[in-house]
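The values are calculated or read from the model by the stated rules, or taken from the named source; none is laboratory data. None of the values given here were measured: they were computed from a predicted structure. Quick reminder, even Gly has a Cβ in these numbers, built from the backbone with ideal geometry, and neighbours come from all protein chains shown.
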């Protein structure tokens, strides 16, 4: 029975919520609990933590009683590791380039890298898209909305 | 009563017709209509992206625009459903069932025409409902003490998490997670930092923009990337003159339209049952009372008119609890409430008297916006249809830039960009585990006020937890909560797979379609 249980998606969903709830419950004990009349900062999180643990256990319970479904794999059928990586690398590049080189390179990278994640995208099409978005984006944010973010800079 | 409401409405028109407000309203509905048409973009992602841009605008303009995106996207979503058979916007999923067969028969234009008319009828009724119902609700709500507010919030959270899509248990889990994320930051009363992991940037709490963009931006992009196949544009050649329905089609859709409107406005009054559920219920009803139920699914114009009218009447009705009680029914409303709070406006029953310009201006702008939408959709249908062909591979990278710059500009702090990446990854993980992240936002927005009122209620009652049952109004809300839970348990135990939300989703469409979050 345990063998089929660990294949179920709800097993992980419930497990995650139970663990999270337990962690919150334990952590909120470290704050002042206070009394019901004068609640300290720990009381409300403690209540939520217990609720979440309870709900997590209930989800685990449904995982035990429902039969194994057809598609229980957690990862989707097409594993787009490359595309996912590209999407996440975009804002990371935005942070790094934005800190050191300014808005224009940051914007370009933030569009260019995620665009490469599409299977049909080429370097050229991504670069054209990124250049277009950079032009209009910088126009909008630097000139119209005037956010304090230098277009180009060098170093911190 | 009637007269004051009309007077206030007149004042509202004065606010909404100020040139800059008309402009914001126009931008809102235009952008809304556009993202509604685009497969793979939803109103939630769009409102989150636009939210940081509204910090510089006056509160009235900001709210008019964000609200416009929401109801504007409902007009656009129908185009996508009818012409492409793509149910990428949940409320319009049922419209595919009869809308697309009509398109195949060459009557797609007429279906769109009927959609616009029924949308307008539904929306008009929803707005009228709001004009007269909201002030009454406020009179009642102003008498509420902390205990009543607390129980009402509990009811709202419970309804929002269990009546939405997916498993109710998982919805509750997500709501609790949202409440917990709302706790992050300094405690209001004692100043103790909670769940901040010692990071000073988190002392002010998690930014709503980062949360929304992570969950509905990055997580959704990760889910949809490379999953959208090329859309089949074979049937999308619709011109202005095609929109005119025949006399028979028109005659058949009118009663359906009114039934849909009625169902939608009833659904709007139950917190948590947004436009999606309204449209499913109304389609099912229409099929049941029809003389020829077997023809549904082959292109019945009633099957388009009824759900569309109910979607729109429910969309407008959704604003009633949000604006009059400060309790949002779904994630979109939570975002709009969040936008109000960013502008320094406290949501709740005092909103109408303290900020009449926002409340009545918003209502008046609904009319204006809906009229603009009809004008936009009828003669310019060709433009929207062209938009259908914009591929997703250009959309999401551009949106990524708006995500990054949007969260950055909330505090001019790169830390927020990191925050949005983390939230995005966690959000995608939750999606993979079959959680719907929308209730997180609900819990997040209501969390701090919930805690505050809970503490206050406990203080006033001297620590008596039974105060929630001792006050009659509060007891009614708690009773409704219990009823809701019992009902859910009963329905699940009896027939686990027959809930309306999962019932009629068209499964025969050719393309794998990522459903944009509602």
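Structure data summary
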quantity	calculated
Those residues of region A:130-156 which are within 11 Å of another protein chain (Cβ to nearest Cβ) and either assigned to a loop (DSSP other than H, G, I, E, B) or farther than 15 Å from residue A:104 by Cβ (or both), in sequence order	A:144, A:145, A:146, A:147, A:148, A:149
Hits in region B:457-469 - residues which are free of Cβ contacts under 8 Å to residues at least 24 places away in the same chain, part of a helix (DSSP H, G or I) and either surrounded by 20 or more Cβ atoms within 10 Å (Cβ to Cβ) or out of contact with any strand residue (DSSP E or B) (no Cβ under 9 Å at 6 or more places or on another chain) (or both)	B:458, B:469
Scan of region A:16-38 for residues that are at the interface with chain B (Cβ under 9 Å from one of its Cβ atoms) and at pLDDT 90 or above, ordered by number	A:16, A:17, A:20, A:21, A:24
Residue in region B:158-167 that is out of contact with any strand residue (DSSP E or B) (no Cβ under 7 Å at 6 or more places or on another chain), under 16 Å from residue B:427 (Cβ atoms) and at the interface with another protein chain (Cβ under 10 Å from one of its Cβ atoms) present	no
Among (1) in contact with a helix residue (DSSP H, G or I) (Cβ under 6 Å, 6 or more places away or on another chain); (2) assigned to a helix (DSSP H, G or I); (3) free of Cβ contacts under 8 Å to residues at least 24 places away in the same chain - the single one residue A:107 does not satisfy	(3)
Within region B:411-424, tally of residues that are over 23 Å from the mean Cα position of the chain (by Cα) and more than 7 Å from chain A (Cβ to nearest Cβ)	6
Subset tally (residues that are assigned to a strand (DSSP E or B) and more than 12 Å from every other protein chain (Cβ to nearest Cβ)) for region B:184-201	0
Tally of residues being surrounded by fewer than 19 Cβ atoms within 10 Å (Cβ to Cβ) and within 16 Å of residue B:274 (Cβ to Cβ) across region B:166-201	1
Candidate set from region A:62-94 (those that are more than 28 Å from residue A:119 (Cα to Cα) and at the interface with chain B (Cβ under 9 Å from one of its Cβ atoms)); member that is surrounded by the fewest Cβ atoms within 10 Å (Cβ to Cβ)	A:66
Region B:390-408 - residue that is surrounded by fewer than 24 Cβ atoms within 10 Å (Cβ to Cβ), in a helix (DSSP H, G or I) and in contact (Cβ under 8 Å) with a residue 40 or more places away in the chain and, of those, farthest from the other protein chains (Cβ to nearest Cβ)	B:395
Residue selected from region A:39-61 under the condition in contact with a helix residue (DSSP H, G or I) (Cβ under 7 Å, 6 or more places away or on another chain) and more than 7 Å from chain B (Cβ to nearest Cβ), by the criterion farthest from residue B:181 (Cα to Cα)	A:60
Enumerated helices (runs of 4 or more DSSP H) restricted to region B:86-183, each holding at least 3 residues that are over 30 Å from residue B:292 (Cβ atoms)	B:108-141, B:146-162, B:168-183
Hey, residue B:123 within 19 Å of the chain's Cα centre (by Cα) and away from chain A (no Cβ under 12 Å) or not	yes
Those helices (runs of 4 or more DSSP H) lying entirely in region B:202-316 with at least 3 residues free of Cβ contacts under 8 Å to residues at least 12 places away in the same chain	B:247-269
Answer from A:55, A:64 - the residue that is part of a helix (DSSP H, G or I) and over 29 Å from residue B:196 (Cα atoms)	A:64
Given (1) at pLDDT below 90; (2) in a helix (DSSP H, G or I); (3) within 7 Å of another protein chain (Cβ to nearest Cβ), number of the condition residue A:121 does not satisfy	(2)
Test: residue in region A:110-117 that is touching a helix residue (DSSP H, G or I) at 6+ places or on another chain (Cβ under 9 Å), within 7 Å of chain B (Cβ to nearest Cβ) and outside any helix (DSSP H, G or I)	yes
Residue within region B:369-389 that is at pLDDT below 85, closer than 30 Å to residue B:414 by Cβ and crowded, with 21+ Cβ neighbours inside 10 Å present	no
Among (1) facing chain A (nearest Cβ under 9 Å); (2) within 23 Å of the chain's Cα centre (by Cα); (3) farther than 21 Å from residue A:112 by Cα, the one test that residue B:459 misses	(2)
Subset of region A:1-15 [in a helix (DSSP H, G or I) and either facing chain B (nearest Cβ under 7 Å) or more than 23 Å from the chain's Cα centre (by Cα) (or both)]	A:2, A:3, A:4, A:5, A:9, A:12, A:13
Test: residue in region A:29-46 that is part of a helix (DSSP H, G or I) and surrounded by fewer than 18 Cβ atoms within 10 Å (Cβ to Cβ)	no
